[in-house]
1. Starting with the highest mean, order 70-76, 91-97, 48-54 by the number of other Cβ atoms within 10 Å, averaged over the residues of each peptide.
2. Rounded to the nearest 0.05, what FRET efficiency is calculated for A50 and A18 with R0 set to 25 Å and r the Cβ-Cβ distance?
3. Which residues' amide hydrogens lie under 5 Å from the amide hydrogen of S39, considering only partners 5 or more residues apart or on another chain, with H built in the peptide plane?
4. If I model a spin label at D70 and E58 as a point 7 Å from the Cα along the Cα→Cβ vector, what separation in nanometres do I get?
5. Pulled fully out, how much extra length does the chain show between Q92 and D42, if you take 0.36 nm times their separation in residues and subtract their Cα-Cα distance?
Amino acid sequence: MAENHRPALGAATGGEVAPQPEEQARAEIDRLLREAGWSVQDYKQANLHAARGVALAEFPLKDESLADSDNLPPPEIIAQEIVDDLEAALEQFKLIAGTWVQRQIPRHSFAVH
C-alpha cells in the first residue's frame with residue numbers, strides 16, 4: 001500500500017492543535033483513499049508514480065483574475081454583467097434554434113388526411 005505523504009494535523013502551526021471539523025473530514029477521506037489503494041500526498045512533494053491512484057492534498061488553484069481583488073466592481077455591477085451575458089447567450093441560442101427548426105421543416109411533411 002502506498003505511503004501517506006500528507007502533513008500531519010497541526011503541522012502548519014508547528015504544534016499540537018485539536019483538529020477542526022474540516023481537518024477531521026480530510027483525515028477520514030485520506031484514510032478511505034488509502035484503504036482503497038490510493039497514495040495521498042502533499043502536492044509539493046508528489047510522486048505521481050507512487051501508486052496506481054495518487055490524490056494530491058489541498059492542491060491550490062490560483063485564479064490570476066483575483067490578483068487585484070481589492071479593486072473588484074460592486075456586486076450589483078458583477079450581477080448585471082452576468083445577466084447581460086446570459087441574455088446575449090439566450091438570444092444567440094434562439095437564432096441557432098430558429099435556423100435549425102427552419103432546416104428541419106422541409107424534411108418532415110405534415111400531411112393532413
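Read the figures in this text as sums done on the coordinates, not as results from a lab. For clarity, every value in this text was computed on a predicted model and none was experimentally measured. All Cβ positions, even for glycine, are placed from backbone atoms using ideal geometry, and neighbour counts span all protein chains on display.
1. 48-54, 91-97, 70-76
2. 0.25
3. G53, V54, A55
4. 2.6 nm
5. 13.5 nm
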